[in-house]
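Have a look at the structure below, then the notes.
The values are calculated or read from the model by the stated rules, or taken from the named source; none is laboratory data. Being a predicted model, the structure only gives us computed values, none of them experimental. As a convention, Cβ positions derive from the backbone with ideal geometry for all residues, glycine included, and neighbour counts pool all protein chains shown.
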Ligand code: C2E
Ligand code: MG
Ligand code: MG
């Protein structure tokens with residue numbers, strides 16, 4: 001050993017076998033050697049040959065330090081000194097020794113000294129692999145720390161509970177806390193209450209999933225403010241035991257991005273005017289609520305709220321006031337609901353409240369009624385002058401649908417609420433209605449009717465019945481009213497009472513009335529062949545007479561049919577007359593100028609007022625059949641109706657009595673002065689062929705006009721004789 005200055009006596013090798021049989025075999029892969037206190041190798045086991053040198057023989061006689069890596073010579077020499085001085089019986093050393101190929105190998109030495117013989121019995125184990133791995137680890141740890149300390153992201157190390165063990169310097173900026181103030185505290189202390197649940201779920205996933213996971217949450221800074229942070233986390237586990245060592249987090253501030261994103265999302269989800277959820281979000285929430293029913297049985301209630309006559313507010317006070325009302329409505333709805341309910345603007349003046357977990361029907365009614373009541377309170381809105389305020393009274397109608405079924409489609413539920421709303425409107429508004437099975441049945445029926453209407457229009461599967469209108473004084477048939485029937489596909493026919501509202505609601509009424517107009521005129525040609533003075537009356541829906549072109553529509557049909565205006569009578573409803581957008585005086589006058597007679601139907605049923613008689617220049621008035629039933633001669637009603645008839649006459653109107661079923665009724669209407677009439681007493685509505693036959697019968701018997709008799713005529717085929725009677729020739733002249 002260089003420099004230790006001790007003389008070296010080379011001992012004779014130990015007896016062969018003592019080492020090879022014992023050590024060498026037991027310690028198989030280990031290298032064994034005997035070295036003198038002087039450092040000279042006296043003997044080396046055969047394994048040296050394979051692992052380290054070309055041959056064991058070449059080692060013997062060389063100084064131990066000759067093999068050692070220059071950087072390790074110092075510690076190796078020191079170790080030898082300690083061993084020789086006998087400071088301890090057994091020593092260890094790790095150093096690099098050169099192998100035959102010139103490469104160094106890491107060896108772990110241990111030895112025992114024999115002071116008597118001045119020998120060291122040494123075993124070396126090749127630990128090169130482990131040593132390199134260790135070095136790599138140290139290396140990467142150093143690198144990692146370097147990165148952590150210099151990264152602008154905050155690097156944290158925490159345990160499975162989320163307690164910080166390490167926070168890198170950037171934590172100061174990112175978290176807004178001094179790193180040392182965070183260590184030892186758990187992350188949940190810093191998280192916004194609304195984000196805790198999400199973070200907990202995220203950490204749970206992180207601990208079960210070996211991958212990398214990104215979580216965002218609002219983090220409370222030392223100054224109390226919150227910022228959105230995003231953290232990429234990964235778990236570190238011991239590769240042998242699988243034990244969790246740490247959770248490493250890489251956190252950055254994403255507040256600006258997140259805030260912008262949130263604003264965008266809010267924008268996409270809210271109604272810009274009222275700030276409530278919009279239709280899209282509502283639909284999503286409804287889906288969510290229905291899905292929850294799958295797990296937790298309960299109820300989902302949808303309340304569809306519509307402001308009554310809102311259009312009038314917009315039209316008369318302007319859109320700015322309209323908007324103020326909508327905003328205030330939204331606020332009142334939100335205030336009237338529980339925080340867990342959703343309020344959404346569904347359309348122009350329609351709102352929806354989605355409520356979960358209402359347990360009884362009373363709860364549902366109670367909530368709906370609360371909404372109706374809070375919106376009944378006057379609204380304070382801007383007045384006509386800047387700075388003015390005015391108070392506005394409005395009401396709402398609410399349609400409610402409730403379900404307990406998770407599989408009920410959202411669209412169905414909305415449709416049911418819509419039907420209930422429709423009914424609330426129908427029953428006078430300012431109220432709520434709950435959807436029920438009866439409404440459902442009605443809805444189905446309406447659908448069936450709609451289908452029948454479309455089919456009928458496509459295949460012209462409809463026909464007109466004609467009910468004769470006779471002169472009261474002599475029973476002379478003056479003409480007939482055309483009444484529409486639609487074949488229902490089952491051999492029967494639908495009467496207008498069943499299909500009119502559907503036709504009006506769907507707009508099909510336009511085509512229907514047009515068909516009736518043209519068909520009636522076409523049939524009229526054959527009726528007038530019997531009696532050229534006959535008229536045909538048709539009913540026009542209020543929907544078709546409010547259009548500005550209604551007079552032209554009718555006169556064009558007359559021209560097309562080649563008939564004079566006198567061949568036609570048009571019956572308007574009271575609804576048409578009351579509608580401000582109803583037929584114009586000029587339009588009606590144009591029709592009258594063309595010879596068409598225009599009259600009001602069903603007088604006395606709706607909000608009949610004598611005003612309606614003045615509004616338009618009319619030719620006739622049809623008194624509803626309920627009057628015919630009430631006007632027994634001498635009765636009080638008779639006196640009232642008589643006054644109406646007199647007034648109508650004063651306006652030069654012909655008065656037609658409807659629904660005359662009995663001779664008594666006939667006597668009644670005659671006494672109060674009605675000019676003409678229709679009803680079962682004279683004839684049921686007949687199809688065109690039967691009506692024509694009836695006309696022929698009447699005209700072939702001019703001599704049968706004997707005084708004041710009701711005469712049975714041959715009933716046309718298919719008409720019950722008892723209901724088919726035509727009173728003819730009551731006149732004495
Ligand atoms: P309306 O114009 O008042 O027609 C008279 C209705 O009374 C007819 O019912 C007729 O069948 C019925 N009637 C006639 N005599 C008697 C009677 O002695 N006793 C009773 N109880 N009823 C009698 P219908 O055909 O069901 O028509 C109902 C309503 O439908 C009509 O009332 C009319 O307003 C409307 N309408 C009929 N056809 C059309 C049409 O083509 N277009 C439009 N827009 N409406 C029509
Ligand atoms: Mg009519
Ligand atoms: Mg009528």
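Report every pair of residues separated by at least 6 positions or lying on different chains whose Cβ atoms are under 9 Å apart, first residue within segment 200-211 and at pLDDT 85 or above, second surrounded by 11 or more Cβ atoms within 10 Å (Cβ to Cβ) and part of a helix (DSSP H, G or I).
Note: pairs meeting the criteria are 200/188; 203/187.
Has segment 619-641 got any residue that is more than 16 Å from ligand 3 (Cβ to nearest atom), surrounded by 19 or more Cβ atoms within 10 Å (Cβ to Cβ) and at pLDDT 85 or above?
No; the residues of segment 619-641 include none that is more than 16 Å from ligand 3 (Cβ to nearest atom), surrounded by 19 or more Cβ atoms within 10 Å (Cβ to Cβ) and at pLDDT 85 or above.
Would you check which residues across segment 525-568 are away from ligand 1 (no atom under 16 Å from the Cβ), closer than 14 Å to residue 595 by Cα and not in a helix (DSSP H, G or I) and list them? Please lay out each step first, then the result.
First, the residues of segment 525-568 that are away from ligand 1 (no atom under 16 Å from the Cβ): 525-534, 548-549, 551-552, 555-556, 558-567.
When the remaining residues are screened for being closer than 14 Å to residue 595 by Cα, the result is 533-534, 551-552, 555-556, 558-559, 562-567.
Selection gives 533, 534, 562, 563, 564.
Against the conditions (1) within 16 Å of ligand 3 (Cβ to nearest atom); (2) without any contact (Cβ under 8 Å) to a residue 40 or more places away in the chain; (3) surrounded by 15 or more Cβ atoms within 10 Å (Cβ to Cβ), where does residue 674 fall short? Just the number, please.
(2)
Quick check on residue 230: is it surrounded by 14 or more Cβ atoms within 10 Å (Cβ to Cβ) and touching a residue at least 60 places away in the same chain (Cβ under 8 Å)? If you could, list the steps in order and put the result at the bottom.
Numbers: surrounded by 14 or more Cβ atoms within 10 Å (Cβ to Cβ): yes; touching a residue at least 60 places away in the same chain (Cβ under 8 Å): no.
No, not satisfied.
A quick yes/no check of all residues on (1) within 16 Å of ligand 3 (Cβ to nearest atom); (2) surrounded by fewer than 20 Cβ atoms within 10 Å (Cβ to Cβ); (3) part of a helix (DSSP H, G or I):
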residue	(1), (2), (3)
452	no, no, yes
456	no, no, yes
465	yes, yes, no
474	no, yes, no
481	yes, no, no
486	no, no, no
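Which ranges mark the helices (runs of 4 or more DSSP H) fully within segment 143-211 that have 2 or more residues being under 43 Å from the mean Cα position of the chain (by Cα)? Don't jump to the end; show me each part of the working.
On the way: elements: 171-175, 179-182, 193-208.
Output list reads 171-175, 193-208.
So residue 260 ticks every box in (1) more than 20 Å from residue 323 (Cα to Cα); (2) under 17 Å from the mean Cα position of the chain (by Cα) but one. Which box is left unticked?
Single failed check for residue 260: (2).
Could you tell me how many of the residues in segment 279-298 are surrounded by fewer than 19 Cβ atoms within 10 Å (Cβ to Cβ), over 15 Å from residue 269 (Cα atoms) and touching a helix residue (DSSP H, G or I) at 6+ places or on another chain (Cβ under 9 Å)?
Total meeting the criteria: 2.
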